[in-house]
1. What are the pairs with Cβ atoms under 6 angstrom where one residue, in the stretch 32-57, is more than 15 Å from residue 4 (Cβ to Cβ) and the other, located anywhere, is surrounded by 14 or more Cβ atoms within 10 Å (Cβ to Cβ) and not basic (Lys, Arg)? Sequence gap at least six, or different chains.
2. Within the set of pairs 6+ apart or on separate chains, which have a first residue in the stretch 10-30 that is within 13 Å of residue 45 (Cβ to Cβ) and without any contact (Cβ under 8 Å) to a residue 24 or more places away in the chain, a second that is open to solvent by 70 Å² or more (accessible area, probe 1.4 Å) and part of a helix (DSSP H, G or I), and C-beta atoms under 9 Å apart?
3. Being of a type in the set (Asp, Glu) and either assigned to a loop (DSSP other than H, G, I, E, B) or open to solvent by 100 Å² or more (accessible area, probe 1.4 Å) (or both) is the requirement here; does residue 63 meet it?
4. Can you tell me which residue among 25, 38 is in contact with an Asp or Glu (Cβ under 9 Å, 6 or more places away or on another chain), in a helix (DSSP H, G or I) and surrounded by 10 or more Cβ atoms within 10 Å (Cβ to Cβ)?
5. Restricting to the stretch 46-60, name every residue that is over 16 Å from the mean Cα position of the chain (by Cα) and surrounded by 10 or more Cβ atoms within 10 Å (Cβ to Cβ).
Amino acid sequence: NLGYIGVTYVPKKLHAAYWKACDEVLHTFGEKANVEMVVNYLGKEGVPVTICDVSGSTWIEVDTPEDHKIALTKLEKLV
(Lines give C-alpha, C1' and ligand atoms only; values in the text may rest on other atoms or scores of the structure.)
Protein backbone atom coordinates (compact mmCIF):
# COMPACT_ATOMS: atom_id res chain seq x y z
CA ASN A 1 0.00 0.00 0.00
CA LEU A 2 1.04 3.54 -0.65
CA GLY A 3 0.03 6.64 1.24
CA TYR A 4 0.51 10.36 1.23
CA ILE A 5 2.96 11.58 3.90
CA GLY A 6 2.18 15.28 3.66
CA VAL A 7 4.93 16.41 1.33
CA THR A 8 4.36 17.51 -2.26
CA TYR A 9 7.13 18.67 -4.57
CA VAL A 10 5.90 20.73 -7.50
CA PRO A 11 8.45 21.63 -10.19
CA LYS A 12 8.40 25.28 -11.17
CA LYS A 13 7.11 24.45 -14.66
CA LEU A 14 3.99 22.91 -13.07
CA HIS A 15 3.20 25.71 -10.60
CA ALA A 16 0.43 27.18 -12.76
CA ALA A 17 -1.24 23.79 -13.23
CA TYR A 18 -0.93 23.03 -9.51
CA TRP A 19 -2.53 26.32 -8.43
CA LYS A 20 -5.28 25.90 -11.02
CA ALA A 21 -5.98 22.45 -9.58
CA CYS A 22 -6.04 23.93 -6.07
CA ASP A 23 -8.58 26.52 -7.16
CA GLU A 24 -10.78 23.93 -8.89
CA VAL A 25 -10.71 21.51 -5.96
CA LEU A 26 -11.44 24.29 -3.48
CA HIS A 27 -14.33 25.53 -5.64
CA THR A 28 -15.75 22.00 -5.90
CA PHE A 29 -15.23 20.72 -2.35
CA GLY A 30 -14.95 23.86 -0.22
CA GLU A 31 -13.69 23.25 3.30
CA LYS A 32 -13.51 19.49 2.64
CA ALA A 33 -10.79 20.01 0.01
CA ASN A 34 -7.38 18.49 0.69
CA VAL A 35 -4.07 18.12 -1.09
CA GLU A 36 -4.74 14.50 -2.04
CA MET A 37 -7.74 15.74 -4.05
CA VAL A 38 -5.46 18.23 -5.80
CA VAL A 39 -2.99 15.49 -6.75
CA ASN A 40 -5.84 13.31 -8.03
CA TYR A 41 -7.22 16.23 -10.03
CA LEU A 42 -3.81 16.80 -11.64
CA GLY A 43 -3.57 13.14 -12.63
CA LYS A 44 -7.04 13.14 -14.16
CA GLU A 45 -6.09 16.27 -16.14
CA GLY A 46 -3.06 14.48 -17.59
CA VAL A 47 -0.47 16.35 -15.53
CA PRO A 48 2.38 13.96 -14.72
CA VAL A 49 2.22 12.82 -11.10
CA THR A 50 4.88 10.50 -9.73
CA ILE A 51 5.64 9.04 -6.34
CA CYS A 52 8.77 8.77 -4.28
CA ASP A 53 9.31 5.72 -2.09
CA VAL A 54 10.44 6.89 1.33
CA SER A 55 10.42 3.43 2.90
CA GLY A 56 13.27 3.10 5.34
CA SER A 57 13.84 6.84 5.63
CA THR A 58 13.49 8.78 8.84
CA TRP A 59 10.42 10.95 9.05
CA ILE A 60 8.11 11.71 11.91
CA GLU A 61 4.44 12.62 11.71
CA VAL A 62 3.30 15.22 14.21
CA ASP A 63 -0.46 15.72 14.44
CA THR A 64 -0.98 15.97 18.18
CA PRO A 65 0.85 17.21 21.28
CA GLU A 66 1.61 13.57 22.13
CA ASP A 67 3.11 13.06 18.65
CA HIS A 68 5.29 16.12 19.29
CA LYS A 69 6.67 14.58 22.50
CA ILE A 70 7.41 11.31 20.69
CA ALA A 71 9.10 13.22 17.86
CA LEU A 72 11.36 15.11 20.25
CA THR A 73 12.43 11.85 21.89
CA LYS A 74 13.20 10.27 18.49
CA LEU A 75 15.12 13.35 17.32
CA GLU A 76 17.23 13.40 20.48
CA LYS A 77 18.31 9.83 19.70
CA LEU A 78 19.37 10.84 16.17
CA VAL A 79 21.68 13.63 17.32
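The values are calculated or read from the model by the stated rules, or taken from the named source; none is laboratory data. Nothing here was measured: the structure is a model prediction, and the numbers come from that model. Don't worry about glycine lacking a Cβ; one is built from the backbone with ideal geometry, like all the others, and counts go over all protein chains shown. Please note that ligands, DNA and RNA were not included when accessible areas were found on the heavy atoms of the full protein model with its side chains. Shrake-Rupley method; radii C 1.70, N 1.55, O 1.52, S 1.80 Å.
1. 47/17
2. 25/40
3. Numbers: of a type in the set (Asp, Glu): yes; either assigned to a loop (DSSP other than H, G, I, E, B) or open to solvent by 100 Å² or more (accessible area, probe 1.4 Å) (or both): yes.
Yes; evaluated as a whole, the condition is true for this residue.
4. Numbers: 25 fails: in contact with an Asp or Glu (Cβ under 9 Å, 6 or more places away or on another chain).
Going through 25, 38 in turn, the sole match is 38.
5. 47
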